[in-house]
Amino acid sequence: MRKNKAETEKTIQDLIVIARQHFTVHGYANVSLEEIVKEAGLTRGALYHHFNNKKGLFLAVFEAVQKEVGDHVESAAAKSDDSWDQLINGCQAFLEGAVESQNQYILLIDGPAVLGWEMFRKMDEKYSMNSLREQLQHMQEQHFIKPVSIEALTHCLSGAMNEAILWIANHLDQKKSVIEETMIVLHYLLEGVRK
């Protein structure tokens with residue numbers, strides 16, 4: 001039984017990895033499930049068994065990318081014991097991770113279009129905003145942040161960073177300097193709520 005479960009999990013992960021490459025290079029609309037199953041050495045039926053349809057497979061890929069970016073943020077934040085540095089490091093890691101070439105198309109273009117705004121926001125909440133909210137709540141409890149609404153602050157900061165990602169993605173030839181400019185602005189914005 002354990003072997004079957006491990007094989008099933010490996011099949012699912014293989015499909016996600018292969019599909020991610022296809023979605024990254026070709027975009028959702030131009031991806032053929034036939035190509036994915038052929039590359040995976042599986043049948044179309046096997047893919048449908050695990051993901052139901054192309055959109056289900058894309059959702060799994062989207063979640064994998066979101067989780068990867070979230071792990072990158074957590075890792076960057078953990079490099080410091082200082083709460084403000086953790087927040088700043090996490091914000092910068094989020095900007096950098098979201099505009100990575102292998103993430104951009106999936107997160108910024110196809111994500112909202114394929115999944116719909118409601119599902120896109122639900123995934124953003126699950127993989128990004130919850131961690132941000134927890135960090136801000138912790139900082140407020142430690143008296144690092146003024147007594148403002150953490151929910152409002154979370155949405156404002158998340159919205160600002162999501163919009164910044166779209167701007168950065170349109171200036172990839174200057175990515176480093178544009179991220180630096182964005183981080184300067186985020187510093188100023190956050191200083192407004194610093195206690």
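Key figures for this structure:
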item: Any helices (runs of 4 or more DSSP H) falling wholly within the stretch 42-120 and containing at least 3 residues that are open to solvent by 60 Å² or more (accessible area, probe 1.4 Å) and without any contact (Cβ under 8 Å) to a residue 60 or more places away in the chain; result: 44-51, 54-77
item: Check on GLN66, polar (S, T, N, Q) and out of contact with any helix residue (DSSP H, G or I) (no Cβ under 8 Å at 6 or more places or on another chain); result: no
item: Residue check, VAL37 in contact with a helix residue (DSSP H, G or I) (Cβ under 7 Å, 6 or more places away or on another chain), under 19 Å from GLN102 (Cβ atoms) and surrounded by 15 or more Cβ atoms within 10 Å (Cβ to Cβ); result: no
item: Residue that is least open to solvent (accessible area, probe 1.4 Å) [pool: residues in the stretch 164-195 that are over 23 Å from ASP82 (Cα atoms) and free of Cβ contacts under 8 Å to residues at least 40 places away in the same chain]; result: VAL178
item: Matching option when the condition is among the β-branched types (Val, Ile, Thr) and closer than 30 Å to ILE184 by Cβ, among VAL31, VAL65, VAL37, VAL61; result: VAL65
item: Selected residue (criterion: least open to solvent (accessible area, probe 1.4 Å)) from residues of the stretch 130-163 that are among the small types (Gly, Ala, Ser) and within 18 Å of GLN66 (Cα to Cα); result: SER158
item: Odd one out for SER177, checked against (1) within 21 Å of the chain's Cα centre (by Cα); (2) over 23 Å from MET123 (Cα atoms); result: (1)
item: Conditions (1) open to solvent by less than 70 Å² (accessible area, probe 1.4 Å); (2) free of Cβ contacts under 8 Å to residues at least 12 places away in the same chain; (3) hydrophobic (A, V, I, L, M, F, W, C); (4) under 24 Å from LYS126 (Cβ atoms); number of the one not met by ALA6; result: (4)
item: Contacts under 7 angstrom Cβ, first residue in the stretch 140-155 being closer than 21 Å to LYS126 by Cβ, partner aliphatic (A, V, I, L, M), 6 or more apart; result: ILE150/LEU136; LEU153/LEU136; LEU153/VAL193; THR154/MET129; THR154/LEU132; THR154/LEU136
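The values are calculated or read from the model by the stated rules, or taken from the named source; none is laboratory data. Small disclaimer: the values here were computed from a predicted structure and weren't measured. We place every Cβ from the backbone using ideal geometry, glycine too, and count neighbours over all the protein chains shown. Please note that ligands, DNA and RNA were not included when accessible areas were found on the heavy atoms of the full protein model with its side chains. Shrake-Rupley method; radii C 1.70, N 1.55, O 1.52, S 1.80 Å.
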